[in-house]
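The structure under discussion appears below in the form of structure tokens.
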Amino acid sequence: MKRLDIIMPQEYLPEVNELLHRHKVGGMSFYDVKGRGRAKQRPVKVGRGVMTYVPEFGFRTKVEVLVQDSKVKEIIDDVLATLGAGKATAAIGKIFVYDVEDAYDIGSAERGDVAL
């Protein structure tokens with residue numbers, strides 16, 4: 001099984017949630033995160049609106065899901081299509097894929113793919 005970390009703008013969360021429902025992904029966690037990367041930050045007005053500065057860090061949402069190995073490619077392709085890969089947009093985000101050795105459901109004590 002794999003863990004997918006999808007880092008994206010907050011406004012895409014409903015679409016990604018719907019996409020994960022279509023793929024029958026059982027659970028999802030998401031966090032508001034800050035960081036820096038290739039995306040250009042918009043200038044922010046400070047004081048009485050006379051001065052501006054460009055923040056170094058931007059706000060994104062990080063979604064974490066565990067999926068079966070057989071569904072990884074399908075889900076990644078759909079996320080890329082949903083977030084507009086290949087279009088002339090600013091750097092939207094990233095997808096990271098990690099191997100997960102094992103998973104346990106605390107309530108039922110199930111293990112492995114059935115614990116997802």
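Just a few scattered comments:
- Pair list, Cβ < 6 Å and 6+ apart or interchain, from the stretch 92-110 residues that are at positive phi and touching a residue at least 12 places away in the same chain (Cβ under 8 Å) to residues that are among the aromatic types (Phe, Trp, Tyr) and open to solvent by 80 Å² or more (accessible area, probe 1.4 Å): none
- Of the residues Gly84, Gly37, the single one that is closer than 16 Å to Pro9 by Cα, surrounded by 10 or more Cβ atoms within 10 Å (Cβ to Cβ), out of contact with any Leu (no Cβ under 7 Å at 6 or more places or on another chain) and without any contact (Cβ under 8 Å) to a residue 40 or more places away in the chain is Gly84.
- Among the criteria (1) touching a residue at least 40 places away in the same chain (Cβ under 8 Å); (2) in contact with a strand residue (DSSP E or B) (Cβ under 7 Å, 6 or more places away or on another chain); (3) open to solvent by 80 Å² or more (accessible area, probe 1.4 Å); (4) not hydrophobic (A, V, I, L, M, F, W, C), the one Thr52 does not fulfil is (1).
- For the stretch 1-15, a residue qualifies if it is assigned to a helix (DSSP H, G or I) and in contact with a strand residue (DSSP E or B) (Cβ under 6 Å, 6 or more places away or on another chain), and the qualifying residues are Gln10, Leu13.
- Hits in the stretch 23-34 - residues which are in a loop (DSSP other than H, G, I, E, B) and either open to solvent by less than 100 Å² (accessible area, probe 1.4 Å) or under 18 Å from Glu11 (Cα atoms) (or both): His23, Val25, Gly26, Gly27, Met28
The values are calculated or read from the model by the stated rules, or taken from the named source; none is laboratory data. Keep in mind that what you see is a predicted model, and the values were worked out from it rather than measured. Using ideal geometry, Cβ is built from the backbone for each residue, glycine included, and neighbour counts are taken over all protein chains shown. Calculation scope for accessible area: heavy atoms of the full protein, side chains included, ligands and nucleic acids excluded. Shrake-Rupley method; radii C 1.70, N 1.55, O 1.52, S 1.80 Å.
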